[in-house]
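The next block holds one structure in the form of structure tokens; read it before the comments.
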Amino acid sequence: MRRTPLELAAIATAAVPGLSPTAAAYSPDDDADFDSALLLDAEGKRWRVRSPRHPEASTRLETEFMVLRAFAPAIRAELPFHVPTIAGTVRQGALTTFVYAHLQGSVLSIEELSAGSPSLAQEVGAALAAVHDLPLTLVTNADLPSYSANEFRQRKLNELDQAATTGKIPATLLRRWEHALEDVALWRFNPSVVHGDLHEDNLMVQDDTVTALTGWTDLRIGDPADDFAWLVASNEASFVEAVLSHYTQARREIPDAHLLRRAALLAEFALAQYLVKAMAAGHQSMTAEAESMLQALADDIDEQVRRDEEAAQAAEVEAAENEAAEHEAARQRAADSRADKPAVSVAAIPDADESKSSEESGSGTASNHDDTSTAAMSVVSVTPLHAADRS
């Protein structure tokens, strides 16, 4: 049963002694896992409450507690954004509710983010780069998950097999994801620290500045494309490209060439993970929603494939037509060239009197000249025709 903001405010007073909330409001969060609220106290300070809805979600919050303790002051000082601080906890049965000292800024929708100024895209790119450049020891010392590139790919293959057993994944998507996961070249990347649950609800913004990142429940070493999946899923191509450009400039190492392709695949595959999670929890409405989104994605992909095939066929027809036109133009140019060039050229025959006068003025041997000599035939020159022209 979902807790209201007022109920969460009452729980928070038990977690933080002396806290006296004067107002409470809903806070965006992963609704399937957490109930969240923003509180305002009598001194004007703001707080955030996150209460897990099931034991697995409670475990995630306890993991985040360890993560936030691992952010030593020196590490926090180097980050271009703030990291949450836990003010108190309270345990209720198997579940633990956490209260955080609230951070400045507000949550924006993906539409609001993408419509922001270029400096906001730069801020998001720089924040992502800062996360991925965190020291690996931050994760390993906290005994959090760590995956090599191949281990990460194999993990996704195992998850795909699990999703396939539901019988609810369209065949188009199964084939698409399987082919992508079998393309080893696509999965060559340098593992980095990954936030693991990054999306617009965990990004706090104020005056085109990223003020804080929250939701550190899934920190790990893995594929940096994980943290780009929410951006690619937004279909705001210009915003994604701008973020990637600033991210590339800010990173200490050059990102791999296939980062966005993997991010797109991971964004699609997140729907299958959502389906598996919904079915495991027995949420019929969530399961139906997941099935609907998966079918819509499959229909979009089938439609895109059809359009691509039609475009390819049209390009082939156009290329053939252009080739035929070029051939006809070349044939016409050749024909025009032959029409302008005579096959036989004729020179004028000298006048008889002129010829006689020339002979009389010649040497004495002229009277013995043989009039069948080849010199007397030079008045006509013939230009040979090519075999094709003769025909």
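The values are calculated or read from the model by the stated rules, or taken from the named source; none is laboratory data. Just so you know, these numbers come straight off a predicted model, no measurement behind them. Because the Cβ atoms are built from the backbone with ideal geometry, glycine has one as well, and the counts that use them run over all protein chains shown. With ligands, DNA and RNA removed, areas are computed over all heavy atoms of the protein, side chains included. Shrake-Rupley method; radii C 1.70, N 1.55, O 1.52, S 1.80 Å.
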## Note on the structure
Listed by first then second residue, the pairs whose first member lies in the stretch 86-110 and is over 21 Å from R2 (Cα atoms), whose partner is open to solvent by less than 30 Å² (accessible area, probe 1.4 Å) and of a type in the set (K, R), with beta carbons under 7 Å and at least 6 positions apart or on separate chains, are H102/R48
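Just one of L128, L113 is within 30 Å of R46 (Cα to Cα), outside any loop (DSSP other than H, G, I, E, B) and modelled with pLDDT of 95 or more; which is it? Step through it out loud before you land on a result.
On the way: L113 fails: modelled with pLDDT of 95 or more.
Of L128, L113, the one residue that is within 30 Å of R46 (Cα to Cα), outside any loop (DSSP other than H, G, I, E, B) and modelled with pLDDT of 95 or more is L128.
When the residues of the stretch 213-244 are narrowed to those that are without any contact (Cβ under 8 Å) to a residue 12 or more places away in the chain and assigned to a helix (DSSP H, G or I), which ends up least open to solvent (accessible area, probe 1.4 Å)?
Checked the stretch 213-244; the qualifying residue least open to solvent (accessible area, probe 1.4 Å) is A237.
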### Query
So, of the residues in the stretch 192-207 that are of a type in the set (S, T, N, Q) and open to solvent by less than 20 Å² (accessible area, probe 1.4 Å), which turns out to be modelled with the highest pLDDT?
S192
### Query
Hey, any hits in the stretch 166-189 for a residue that's open to solvent by less than 70 Å² (accessible area, probe 1.4 Å), part of a strand (DSSP E or B) and modelled with pLDDT of 95 or more?
no
### Query
So which residues in the stretch 51-75 are touching a helix residue (DSSP H, G or I) at 6+ places or on another chain (Cβ under 9 Å), open to solvent by less than 10 Å² (accessible area, probe 1.4 Å) and small (G, A, S), if there are any at all?
S51
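Residue-wise test of (1) open to solvent by less than 40 Å² (accessible area, probe 1.4 Å); (2) under 23 Å from D197 (Cα atoms); (3) of a type outside the set (S, T, Y); (4) touching a helix residue (DSSP H, G or I) at 6+ places or on another chain (Cβ under 6 Å).
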position: T22; (1), (2), (3), (4): no, no, no, no
position: S36; (1), (2), (3), (4): yes, yes, no, no
position: V49; (1), (2), (3), (4): yes, yes, yes, yes
position: A77; (1), (2), (3), (4): no, yes, yes, no
position: F98; (1), (2), (3), (4): yes, yes, yes, yes
position: Q104; (1), (2), (3), (4): no, yes, yes, no
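Open to solvent by less than 60 Å² (accessible area, probe 1.4 Å), part of a helix (DSSP H, G or I), touching a helix residue (DSSP H, G or I) at 6+ places or on another chain (Cβ under 7 Å) and of a type in the set (F, W, Y): does that describe Y247?
Details: open to solvent by less than 60 Å² (accessible area, probe 1.4 Å): yes; part of a helix (DSSP H, G or I): yes; touching a helix residue (DSSP H, G or I) at 6+ places or on another chain (Cβ under 7 Å): yes; of a type in the set (F, W, Y): yes.
Criteria met by Y247.
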